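Q: Following this message is one structure expressed as structure tokens.
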Amino acid sequence: MPLVTLEPPPASIQGLQEGLRRLSAHRGTAALFAPAGGAPASVGTAHKVFSIGLDALAQPDPLDSAQETGWRYLLTSAPGLGGGAVGAVDVNKVGDQHRFAQMHAGWLSEETRKAINIAQANPDVLGGNYEPRALRVPALLVDALWLKDTQGTNDLVVPIRSAAPKMNVGTVYKAADFIDDLRDIAAGKPKFNDRPLR
């Protein structure tokens, strides 16, 4: 089954539109999101953004402690899932307010798109119902696609960035295995080959 995408709240969409309008007034910004000099990018998919801190790793299930921080919108070179990712925009939720936060023109959008493609080909995802979410662990420099199981507890995670070699970017993890790796990274456990030399 395809990933279950949610409709962003109107206030978030308004925050997105106002932010893009302000940015488009700056010289050169529109060209940044017009692939190969073509038409301006369109908004493709949107998903919630969550963040967890190091203190959450001490909890039995840190994902239960994840804080929703807003929405991320992928900008694509063509409408819908088929377009290539050319950027991403974050709209933060602060209380009842949704405010344009930042625009990403580099790796984040393309790596997110790759992670979504990996997820859509995964047998567990194909056989279930999963909501894609962005997951950030700022203290460990980890960003991931969190696949929230909407009908059970079989959450999956696809890392899209990690400063630690222990975390395998582009691999579909069971949530518990992903959390174990986060805990190891937080504990500063080095990854090394301890096999004897021949």
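What follows is calculated from the coordinates using simple rules that are stated; it is not laboratory data. Keep in mind it's a predicted model, so treat the numbers as computed, not measured. Virtual Cβ from ideal backbone geometry, glycine too; neighbours counted across all protein chains shown.
Q: Most exposed first by the Cβ proxy, i.e. fewest other Cβ within 10 Å, how do 173, 130 rank?
A: Working: 173 19, 130 26.
Ascending number of Cβ neighbours within 10 Å: 173, 130.
Q: Name the residues whose placed amide hydrogens come within less than 5 Å of the amide hydrogen of residue 129, ignoring near sequence neighbours (fewer than 5 apart) on the same chain.
A: Amide H to amide H, under 5 Å and 5 or more residues apart or across chains, residue 129 pairs with 150, 151.
Q: If you rank 72, 161 by fewest surrounding Cβ atoms within 10 Å, what's the result?
A: On the way: 72 25, 161 16.
With the sparsest Cβ surroundings first, the list reads 161, 72.
Q: Using +1 at the C-beta of Lys and Arg and -1 at the C-beta of Asp and Glu, which of 112, 169, 91 has the Cα lying farthest in the positive direction of the dipole of the stretch 10-186?
A: Positive-most Cα among the choices belongs to 91.
Q: How much length, in nm to one decimal, is gained on full extension between residue 65 and residue 96, taken as 0.36 nm per residue of separation minus their Cα-Cα distance?
A: Value of the extension gain: 9.2 nm.
Q: Note down the magnitude of the dipole of the stretch 10-186 about its Cα centre, charges +1 on Lys and Arg C-beta and -1 on Asp and Glu C-beta and zero elsewhere, to the nearest 20 debye.
A: Details: 16 positive and 18 negative charges, 159 e Å.
Dipole of the stretch 10-186, to the nearest 20 debye: 760 debye.
Q: Could you pull out every one of the aspartates and glutamates with an alpha carbon less than 12 Å from that of residue 93, ignoring same-chain neighbours closer than 8 positions?
A: 68
Q: Long-range amide H contacts for residue 61: which residues qualify at under 5 Å (H placed 1.01 Å from N, peptide plane, sequence gap of 5 or more or a different chain)?
A: The answer is none.
Q: How long is the gain from residue 177 to residue 161 if the chain were fully straight, where each residue apart is worth 0.36 nm and the alpha carbon distance is subtracted? Intermediate results must be reported in sequence, preceding the final value.
A: Values: separation 16, 0.36 × 16 = 5.76 nm, distance 1.63 nm.
Gain in length upon complete extension: 4.1 nm.
Q: Using the basic label-point model (7 angstrom from Cα toward the beta carbon), what is the residue 139 to residue 55 distance in nanometres?
A: Result: 0.9 nm between the two label points.
Q: For an R0 of 35 angstrom, estimate the FRET efficiency from the Cβ-Cβ distance between residue 150 and residue 25 and round to the nearest 0.05.
A: Working: r = 39 Å, r/R0 = 1.13.
E between residue 150 and residue 25, to the nearest 0.05, is 0.35.
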